[in-house]
Each structure stands twice: as structure tokens, then as C-alpha cells.
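Everything below concerns the one structure shown next.
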Amino acid sequence: MEELALHILDLVQNSLAAGATEVVIEIKEDAAGDLLIITIKDNGSGMDQEFVRRVLDPFTTTRTTRRVGLGLSLLAMAARQAGGDVQISSEKGKGTTVTATFGLRHWDRPPLGDVPATLVTVLAGAPKLDLIYRHTVDDRTFTFCTREVRRELGEVPINDPKVLTFLKRYLQEALTSLHGGGGVDEA
Amino acid sequence: MTKLKSLDDLRRLREELQKEVEARQGGETQIIVGMGTCGIAAGAREVMTAILEELARRNIKATVLQTGCIGMCEKEPLVDVVRPGEKRITYGHVTPRDVPRIIGEHVVNGRIVEDLVVGRAN
């Protein structure tokens, strides 16, 4: 994957496949600590501890059609190449939290990429999902919550192409502002 | 949550779209994008956003859905178009540049874009 935002999209697809109705995506960029932390927390079906131990193995999957599951192992590889790691905590019936850390300024860290495109793609496929996105850059935080957007929209579906196009533009502006107007990514 | 800066814009959009929702009769064309790990790595997200922008730009009502990996990883990004009462057509190796053609030719006019087809199903 060329962007971390694509890994995020892939992990949220896992959450949706696990029946999650709420997903929280948190990104923290800490320049002083030279750290980028991405956390994805869902309330899906979760995994038992034995499965969690094996989940970074690319030949571990819940799928029955093909015995490969590359998403988490690709993320772990990207994190380790950039001086970080991946941690997974999960409880059967309660949900899963995946935390990936990266050296913020590490030479091999993939760029964060197009997070707004990832978020609207998630919403296009899962309009009823309660998605909370929180992005912190040093001491500034931006939060986006689909519950509030849906409340404003009333009967208009959040996955209407015009709404999603609007939200993508809105998120692009918000993240540009969060980064001091200099772009979405500091990598 | 930080209040949406463009909340007024969102409300205006809601008023505009509310009338369309009320007028909608159902039976829309479905556009299905493969969003498994293979599809995402191959560019499915960019195809998805191009589809949304094209539908919004042309004011076309269609249902956009996602699916996981269907086993044709080497042909990703995959996009299915299902017009009401017609065969499901699967397009492969779709790029954002192909999207206006798929929407304009197939979704709007019912003419299959033959050079991109990788599968057909009833």
C-alpha cells in the first residue's frame, strides 16, 4: 500500500466485515516525540485470544474461500519498516482495537495520504456506520462524527454522491487547516 | 466535535436533495466496487471517489455499493454495473479515467463498454 490512509480503509473494511456499527479512527502526529500513532477501534464481533496471537500471519484469515489475509500483515510490515509496530487487542463479542505506530520522520514511513478519500469511501459502503474520526497534530485536534452529519441531513442519505463529494471537500479543508494550511501530510 | 464550518452549506444541500429523495422511485442502477485488500491496493478507492464525483456532477441517481475480494485479484479494481432487469456486467482494471465512460455509456445509455468487460452474470 502506498499510503497509510489505504491501510486505514482496509482495516475499516475488516471492522465492517466483523459487523461493527461504530468505528473510531484516531491519528496522532507528535512532532516532539517523532511519533505517528494510528488507532482503529470497533465494536465488531472481536476475536478470541488464540486468533489474535496468529492474526499478523498472512496465512491467517476468517475467510473460507482463500486462506490468506494480507491486510494486517502489510500494516505491520509498514510499521516495522518505519521504526514502529502494531498492537492488537480484541475481545470476542466486544470489538477490536488496532494500534499502529510509526516514526513520524522516519525515511521509510509511507505518507499518510488522502484520508478524506478513505473516509468518504467508507461511508459510501456503510452509510449507517457511526464513524468518529479524530486527528491530532501536536496540540490541535479535529474531530468528525457521522452521527452529527446524519442528524443535519435528516432523510437525505449520507451516501448520496453529492453529500459525499461535499464531505470530501470539507474534510480536505479541515485537515489542511489542521496542518497549518500547508497540506494534509507532513511526511 | 468541532462544528462543521460549512453547516449552512450542508443544510442548503439537504434542502436541495430532500426533493430528490421524495421524488425517487427506486429501481436504480447499482454500481458495485470491489473493496478488498487487493482492490484497495490496486486503486479501488480512487475509482470509488471518481464514481461519486461523476454521479454528483451529472446528477445521476444510482446506488453505489462495495463488496470484498471475489477472487479476481489480478483484475482489480473491479466495478460491476447492474441496470434494472439487465445482466450484471463486471469491468476490470478500471481506472478513474474510465469512470466517465462507464457512467456515460453504460449507466446512462445502457451501452456496455466492451473493451473493459471481464465478466457477465445474470
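Details
- Shielding by partners, peptide A:143-150 (average Cβ within 10 angstrom, other chains): 2
- Neighbouring Cβ atoms from other chains, within 10 Å of the Cβ of residues in B:38-45, number 6 on average.
- Charged side chains reduced to their Cβ positions (Lys and Arg at +1, Asp and Glu at -1) give the stretch A:4-178 a dipole of some 460 debye around its Cα centre.
- Exposed chymotrypsin sites (Phe, Trp or Tyr not before Pro) absent: longest stretch of chain A, with sites in DSSP loops and at most 12 other Cβ within 10 Å deemed exposed: A:108-187
- Charge dipole (debye, nearest 20) of the protein assembly as shown; +1 at Cβ of Lys and Arg, -1 at Cβ of Asp and Glu: 760
- Chain A: C-alpha pair distances exceeding 24 Å, %: 39
- Among A:Leu123, A:Leu153, A:Leu131, the largest mean-square fluctuation in a Gaussian network model of chain A, built with springs joining Cα atoms closer than 10 Å, belongs to A:Leu153.
- Of the DSSP H helices in chain A, those whose Cα atoms cover at least 15 Å axially and whose Kyte score averages 0.0 or more: A:4-17, A:71-81, A:115-125, A:161-178
- In order along the stretch B:92-109, the phi-based Karplus estimate (6.51 cos²θ - 1.76 cosθ + 1.60, θ = phi - 60°) of 3J(HN,Hα) comes to x, 6, 6, 10, x, 5, 7, 4, x, 6, 5, 5, x, 7, 8, 5, 7, 9 Hz; Gly and Pro are listed as x.
- Karplus-derived 3J(HN,Hα), 6.51/-1.76/1.60, for each residue of the stretch B:74-85, Hz, glycine and proline x: 5, 9, 5, x, 9, 10, 9, 10, 10, 7, x, x
- Heavy-atom accessible surface of the protein assembly as shown: percent carbon and sulfur, 1.4 Å: 49
- Electrostatic dipole magnitude of the stretch A:138-177 [Cβ: Lys, Arg +1; Asp, Glu -1; Cα centre; debye, to 20]: 140
- Annotation: peptides B:13-20, B:99-106, A:80-87, ranked by per-residue average of other Cβ atoms within 10 Å with the highest first, follow the order B:99-106, A:80-87, B:13-20.
- Accessible area buried between chains A and B, both sides summed, probe 1.4 Å, in Å² to nearest 100: 3400
- Taking 4.7 Å between beta carbons as the limit, the unpaired Cys residues of the protein assembly as shown are A:Cys145, B:Cys69.
- Pairs of lysines in the protein assembly as shown whose Cα atoms sit within less than 15 Å of one another amount to 7, provided the residues are eight or more positions apart or on different chains.
The values are calculated or read from the model by the stated rules, or taken from the named source; none is laboratory data. Just so it is clear, the model here is predicted, and its values are computed rather than measured. Glycine gets a Cβ as well: all are built from the backbone with ideal geometry, and neighbour counts include every protein chain shown. Note: areas computed on protein heavy atoms with side chains; ligands, DNA, RNA excluded. Shrake-Rupley method; radii C 1.70, N 1.55, O 1.52, S 1.80 Å.
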